[in-house]
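Read the structure below first, then the notes.
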Amino acid sequence: MSLRRILRIDDPEDLKILKTNCRAVKLPNRELKRLITDMFETMHDREGVGLAAPQIGIPIRLTVLGIPAIWEKLEDGTEVEVSSAAEYVLINPRIVKMSSEEIVRQEGCLSLPGWYGDVPRATWVTVEYQDLNGKLRRLRKVDGLLGWAIQHEVDHLNGILFTERIRDLSTLRDLSKELEAEEAAQRQATGAKVQVQA
Ligand code: NI
């Protein structure tokens, strides 16, 4: 396993690769397992919820997602897990259906660390993809963090960056300083993270 360098939107050479319309993956492919392991390791190291292959310089239609568990505090103070952590590997993903309704949320990207902006996305999507064996699979009407992250990652595979989805560019801001302070406080209180990058 090894950590990979994540390409940056604000580096002109990196940007050329990030703007590539990625090529389809031919399956089965024995090399992919190691690459996927590295992608998960790199994503977790940077505390992201998703990472697309072009973000580490490989312009192929492959993305990994890691959605953390959600905990809620009950009235008596005990904490309960309301949804468990889940990891996904999507190969050649295609969004086949999406809601007409949109939701705007603050979005960030591991290729522009610290920066966040308000991005409108479909409230849910249905995505078709292949697993490592080449079997066609489908996730239906995915909403919430996973639904959002899938749209962000499929955009990466098409060479579209979250900054291009922002309608009001005045919302795009460098929050790294504020987040450092906030996160330290928040983590002690809830262990949760509000802002996410992918
Ligand atoms: Ni991203």
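Before moving on, here are some points about what is shown:
- Any chance Thr63 is at pLDDT 95 or above, open to solvent by less than 40 Å² (accessible area, probe 1.4 Å) and either over 17 Å from Ala149 (Cβ atoms) or not in a helix (DSSP H, G or I) (or both): yes
- Any hit, segment 163-172, residues being out of contact with any strand residue (DSSP E or B) (no Cβ under 8 Å at 6 or more places or on another chain) and either in a strand (DSSP E or B) or not hydroxyl-bearing (Ser, Thr, Tyr) (or both): yes
- Selection within segment 75-100: residues that are in contact with a strand residue (DSSP E or B) (Cβ under 6 Å, 6 or more places away or on another chain) and surrounded by fewer than 11 Cβ atoms within 10 Å (Cβ to Cβ). The member of this set that is farthest from Thr126 (Cα to Cα) is Val80.
- Within segment 124-181, the set of residues being surrounded by 21 or more Cβ atoms within 10 Å (Cβ to Cβ) and polar (S, T, N, Q) comprises Gln130, Gln151.
- Filter result for Gly48 (within 16 Å of the ligand (Cβ to nearest atom) and more than 13 Å from the chain's Cα centre (by Cα)): no
- Flag if Ile103 is farther than 17 Å from Val64 by Cα and buried (at least 17 other Cβ atoms within 10 Å of the Cβ): no
- Filtered residues of segment 124-165 (kept if over 16 Å from Leu110 (Cβ atoms), of a type in the set (Val, Ile, Thr) and touching a Pro at 6+ places or on another chain (Cβ under 9 Å)): Val127
- Strands (runs of 3 or more DSSP E) fully within segment 66-160 counting 2 or more residues that are more than 14 Å from the ligand (Cβ to nearest atom) and under 14 Å from the mean Cα position of the chain (by Cα): 86-98
- Count of segment 1-27 residues, restricted to those that are surrounded by 12 or more Cβ atoms within 10 Å (Cβ to Cβ) and part of a loop (DSSP other than H, G, I, E, B), is 13.
- Put simply, of Leu90, Leu161 the only residue that is hydrophobic (A, V, I, L, M, F, W, C), within 18 Å of Asp10 (Cα to Cα) and modelled with pLDDT of 95 or more is Leu161.
The values are calculated or read from the model by the stated rules, or taken from the named source; none is laboratory data. Owing to the predicted nature of the structure, the values given are computational and were not obtained by experimental measurement. For neighbour counting, all protein chains shown are included, and Cβ atoms are generated from backbone atoms with ideal geometry for every residue, glycine included. Protein only, heavy atoms only, side chains kept; ligands, DNA and RNA dropped before computing areas. Shrake-Rupley method; radii C 1.70, N 1.55, O 1.52, S 1.80 Å.
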